[in-house]
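Read the figures in this text as sums done on the coordinates, not as results from a lab. Since the model is a prediction, treat every value here as computed from it, not as a measurement. Counting neighbours? That spans all protein chains shown, and the Cβs are built from the backbone with ideal geometry, glycine included.
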Amino acid sequence: MTLHFQGNSFAHDADIPIGIVLTNLGTPDAPTARALRRYLGEFLSDPRVVEMPRWLWKIILHGIILRFRPPKAAHNYQQIWTLSGSPLLNIAQQQRDAIETYLNQHFPVKIELGMRYGTPSIAQALENLKKAGCEKVLILPLYPQYASATVGSTFDAVSKTLQKWRWIPQLRFISNYHDWDLYITALVESVKENWQTNGKTQKLLFSFHGIPKRTFLAGDPYFCHCQKTARLVAEQLGLKKEEYLVTFQSRFGREEWLQPYTDKILEQLPKDGISSVSIICPGFSADCLETLEEIDQQNRQLFLNHGGKTFHYILALNDQKNHIHALSQLILHHLQGWEHTSNSQQRQQLFSEMENNLK
């Protein structure tokens, strides 16, 4: 029996869309210390992000980090902020619109954005789908490689919201797509296009966001997913092993993270005779602080300062057509078996029978 809400009334004859939530990490509301304090407070309070005793971390977070880090982080965000606001949020909105247009050619869908931290939140995205009457919901975290701190945390947020609902929708959750063929093809094409425009460099770096080494040793598959993504892309590009390298960026704190570190490699390469590099960040589905500021600004300057001559950052896939096609086909693949119920006459008859039985 299908109950489709429209405001406070039922629309028994309405088509019911399949609900889809596209999720990403999130972004502060503004490039200010105050906004960063709120955003970092939520982000760094997640036990999936920082795995240490809560009482100790709370002292460090509120006593040190949130006092000193927000102004510096705000300055970094100011380097990439646009007139339209956050690049990550703008790109995510474009992705949402493009994928929804693509999928609605097949059957009715309603897609919402849900950021793990900040706004729009995952909770709000799910509430919007609930109001639209969606009985089937697919969650797609836009992290190709699974990590507990990203995809695992997204699942936590979805679960936390649904624990408060009386009627739980049918739910599907895509935990990774690191070797999805169309995603790999999109990455390959983006590298080829960059090389056609700028020329092929001596070395191609695949820079992924880092995670603490101990989380990998504890069983997180992220490192392996990153290696496989890079290997598949390199194979399609016909690269030899010495022509590419997998590195890890954005480490935080003093403990050991996955190595080699992107910045350390960029310092070393000119000493090894490598004066030209291209760098791509396959773990980021949309350009953001870590790609636009950390890689294309900080790491570019680092490489040049240490003797490098040519540095090409290859943009994230963003809302490129082949990326939208890849994500849309991924969604369609995971929606198999969820046939859309469009026979409104049959549903109306079921409601009539129900009402008669209640009399």
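List the GluC sites (Glu not before Pro) in the range 12-113 that DSSP assigns to loop (not H, G, I, E or B) and whose Cβ has at most 16 other Cβ atoms within 10 Å. Which are they?
Those that pass, being in a loop and sparsely packed, are Glu51.
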Review point. How are the C-alpha pair distances of the range 69-163 spread across 10 Å bins, as whole percents from the shortest bin up?
Key: 13, 39, 35, 11, 2
Point to revise | Distance from the range 241-313 to the range 203-235 (C-alpha centre basis), Å | key: 14
**Study point:** Two-decimal Rg to Rh for the range 152-199 - Kirkwood Rh, Cα set
**Key:** 1.32
Review point. What shape does the range 52-210 have by the C-alpha gyration tensor, where a ≥ b ≥ c are the square roots of the eigenvalues, rounded means a/c under 1.5, and otherwise prolate means a/b greater than b/c and oblate the rest?
Key: oblate
Review point. Between the range 39-73 and the range 119-134, what's the alpha-carbon centroid distance in Å?
Key: 28
Exercise for review: Convert 4 °C to kelvin, take the viscosity as 1.567 mPa s, use the Kirkwood radius over C-alpha pairs of the range 196-328 as Rh, and evaluate the Stokes-Einstein diffusion coefficient in µm²/s, rounded to a whole number.
Suggested key: 84
Check your understanding: Under a straight-distance cross-link criterion of Cα-Cα below 14 Å, which aspartates and glutamates are reachable from Lys130, leaving out those fewer than 8 residues away in the same chain?
Key -> Glu112
Practice item. Just rank Ser285, Ser328, fewest to most, by other beta-carbon atoms within 10 angstrom. Key: Ser328, Ser285
Review point. So, by mean Cβ neighbours within 10 angstrom, what's the order for 256-262, 181-187, 60-66 with the highest one leading?
Key: 181-187, 256-262, 60-66
Revision key, fill the gap. Measuring from the longest principal axis of the C-alpha atoms of the chain, the long axis of helix 33-44 (C-alpha) lies at a number of degrees, nearest 10, equal to 80
Check your understanding: Which value, to two decimals, describes the C-alpha radius of gyration of the chain once divided by 2.2 N^0.38 Å?
Key -> 1.10
Exercise for review: Calculate, for Thr101 and Gln336, the FRET efficiency according to 1/(1 + (r/R0)^6) with r their C-beta to C-beta distance and R0 22 Å; round to the nearest 0.05.
Suggested key: 0.60
Review point. What FRET efficiency do you get for Asn322 and Lys58 if R0 is 51 Å and r is their Cβ-Cβ distance, rounded to the nearest 0.05?
Key: 0.70
Practice item. Add +1 for every Lys or Arg and -1 for every Asp or Glu among the other residues with Cβ under 11 Å from the Cβ of Glu127, and state the total. Key: +2
Exercise for review: Taking a cut-off of 22 Å between Cα atoms, list the lysines near Lys192, but don't count ones fewer than 8 places away on the same chain.
Suggested key: Lys200, Lys203, Lys228, Lys240, Lys241, Lys309, Lys321
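Can you compute the FRET efficiency between Gln236 and Gln202 using 1/(1 + (r/R0)^6), with r the Cβ-Cβ distance and R0 = 25 Å? Round to the nearest 0.05. List each step's numbers first, then the result.
Details: r = 19 Å, r/R0 = 0.77.
Plugging the Cβ-Cβ distance into 1/(1 + (r/R0)^6) gives 0.80.
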Study note, to complete from the structure: Stretched fully, the stretch from Ala218 through Gln170 gains (0.36 nm per residue minus C-alpha distance, one decimal, in nm) 14.2 nm
Practice item. Excluding Leu182 itself, calculate the net charge of residues whose Cβ lies under 13 Å from the Cβ of Leu182, where each Lys or Arg counts +1 and each Asp or Glu counts -1. Key: -2
Review point. By how many degrees, between 0 and 90 and to the nearest 10, does the Cα long axis of helix 122-131 differ from the longest principal axis of the chain?
Key: 20
Exercise for review: Rounded to the nearest 10 degrees, what's the angle between the helix 181-198 long axis and the longest principal axis of the chain, both from Cα atoms, 0 to 90?
Suggested key: 40
Check your understanding: All other residues with a Cβ under 14 Å from the Cβ of His333 taken together, and with Lys, Arg as +1 and Asp, Glu as -1, what is their net charge?
Key -> -1
**Study point:** For the range 181-314, share of DSSP beta bridges that run antiparallel, in % to the nearest 5
**Key:** 5
